[in-house]
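Trainee: Before anything else, here's the structure in question.
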Amino acid sequence: MTSTTFETIICIPGNWNSWDELIVEIVAATNGEYLAAGNILMHAGNNKHYTIELFAPDDRMKASFKYAGMTTGVTELFLDDIERHKHVVYITGTTGNFEDARQMALVADAILKAGGLGVKIETVGKAFEKAHWSELLASFDEATLYTMFVLDSIMDESGTVFSCGMQNLGLKDTIVSGEELQQAVDLIKIFGFYQIVDKPTIHNGQTFATSSESPLYLITEEFYHPYQGDEVFGNPFGTWRLTKV
């Protein structure tokens with residue numbers, strides 16, 4: 001695993017009336033497990049630190065959650081709650097590996113317990129209702145991180161399909177051209193889960209297949225990703241391209 005790190009950003013709207021109210025609610029909801037002072041949120045058990053910021057309500061928040069929640073099935077009732085939010089919390093933390101990503105997921109859950117309405121992973125553009133996020137944590141294993149932090153169905157104008165968000169886990173994203181959308185999405189998803197579950201060492205020029213009956217794909221390093229260089233969506237770990245052999 002490379003030593004590169006990444007900063008994951010999480011957005012959580014809520015109905016707190018003030019910063020002081022938010023701090024009190026965090027302590028009460030987590031039995032003191034998380035403490036906030038200044039712009040620092042700290043986990044009392046492992047001393048991990050995160051930047052926490054509270055902002056005024058944003059009239060773009062409902063539209064943002066609607067778009068980011070397209071793949072997770074957010075409801076209109078939920079979006080109406082988002083529209084009525086009073087403040088917005090942003091949490092920023094260093095990730096780039098599975099454990100730090102898991103800790104970020106737990107931080108988000110702590111803010112939800114303290115009155116947050118929903119979660120949007122800014123560094124992928126994926127939103128979740130509060131209950132959905134809690135359900136994912138209740139049945140958590142490392143593969144759950146893919147569901148939480150990765151999108152795998154983004155298509156550009158040429159029909160190329162690619163993932164975004166693997167940087168939150170310290171892995172390369174994947175790009176596929178020349179395949180039907182659903183076939184490309186399935187390929188990217190299986191390749192992503194394979195990296196998380198099996199933890200293989202992948203080298204340029206290796207091959208991959210989703211099963212013994214499936215086509216073989218050549219794995220090569222891709223030096224152009226649609227989000228390359230983007231401060232939020234860009235992946236410093238790079239990108240794999242899968243090409244049918």
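Each value in this text was obtained by applying a stated rule to the coordinates, not by laboratory testing. No experiment lies behind these values; they were computed from the predicted model shown. Positions of Cβ are backbone-derived with ideal geometry, glycine not excepted, and every protein chain shown enters the neighbour counts.
Trainee: Would you kindly derive the ³J(HN,Hα) couplings of segment 148-153 from the backbone phi angles with the Karplus curve 6.51 cos²θ - 1.76 cosθ + 1.60 (θ = phi - 60°), listing them in order in whole Hz, with x for Gly and Pro?
Mentor: These are the phi-based 3J(HN,Hα) values: 6, 10, 10, 10, 10, 10 Hz.
Trainee: A follow-up question, please. Can you compute 3J(HN,Hα) from phi for each residue in segment 202-214, using the Karplus curve 6.51 cos²θ - 1.76 cosθ + 1.60 with θ = phi - 60°, rounded to whole Hz and x for Gly and Pro?
Mentor: My calculation for segment 202-214 gives 9, 10, 4, x, 6, 10, 8, 9, 6, 7, 5, 9, 9 Hz in order.
Trainee: Largest first and to the nearest Å, give the Cα extent of segment 151-244 along each principal axis.
Mentor: Taking max minus min along each principal axis of the Cα atoms, segment 151-244 gives 39, 30, 21 Å.
Trainee: For the chain, what is the mean residue ellipticity at 222 nm derived from helices alone (per DSSP H run of n ≥ 4: -39500 (n - 2.57); sum divided by total residues; nearest 500 deg cm²/dmol)?
Mentor: When only DSSP H runs of four or more count, the value is -9500 deg cm²/dmol.
Trainee: How long are the semi-axes of the equivalent ellipsoid of segment 6-144, defined as square roots of 5 times the Cα gyration tensor eigenvalues? Whole Å, largest first.
Mentor: Computed over segment 6-144, the values are 21, 19, 13 Å.
Trainee: List every residue whose amide H lies under 5 Å from the amide H of Gly238, counting only residues 5 or more places away in sequence or on a different chain, with H placed 1.01 Å from N in the peptide plane.
Mentor: Amide H neighbours of Gly238, under 5 Å, 5+ apart: Asp173.
Trainee: Given the convex hull of the Cα atoms of segment 142-188, what is a quarter of its surface area in nm²?
Mentor: The orientation-averaged projected area of the Cα hull of segment 142-188 comes to 3.1 nm².
Trainee: As an exercise, use a Förster radius of 41 Å and the Cβ-Cβ distance of Thr5 and Glu180 to find the FRET efficiency, rounded to the nearest 0.05.
Mentor: 0.70
Trainee: Give me, ordered by chain and number, the residues 5 or more places off Gly69 or on other chains with an amide H under 5 Å from its own placed amide H.
Mentor: Amide H neighbours of Gly69, under 5 Å, 5+ apart: Ala127.
Trainee: Build a GNM of the chain with springs between Cα atoms under 10 Å: which of Ala209, Ala127, Ala114 gets the top mean-square fluctuation?
Mentor: Of Ala209, Ala127, Ala114, the most mobile in the Gaussian network model is Ala209.
Trainee: Please give the direction-averaged projected area of the C-alpha convex hull for the chain, in square nanometres with one decimal.
Mentor: Average of the hull's projected areas for the chain equals 13.7 nm².
Trainee: Throw me the Rg/Rh for segment 200-243, computed over C-alpha atoms with Kirkwood Rh, two decimals.
Mentor: Checking Rg against Rh, the ratio lands at 1.07.
Trainee: If you don't mind, there's one more thing I want to ask. Using square roots of five times the C-alpha gyration tensor eigenvalues, list the equivalent-ellipsoid semi-axes of segment 24-75 in whole Å, biggest first.
Mentor: Each semi-axis is √(5λ); the values are 29, 14, 11 Å.
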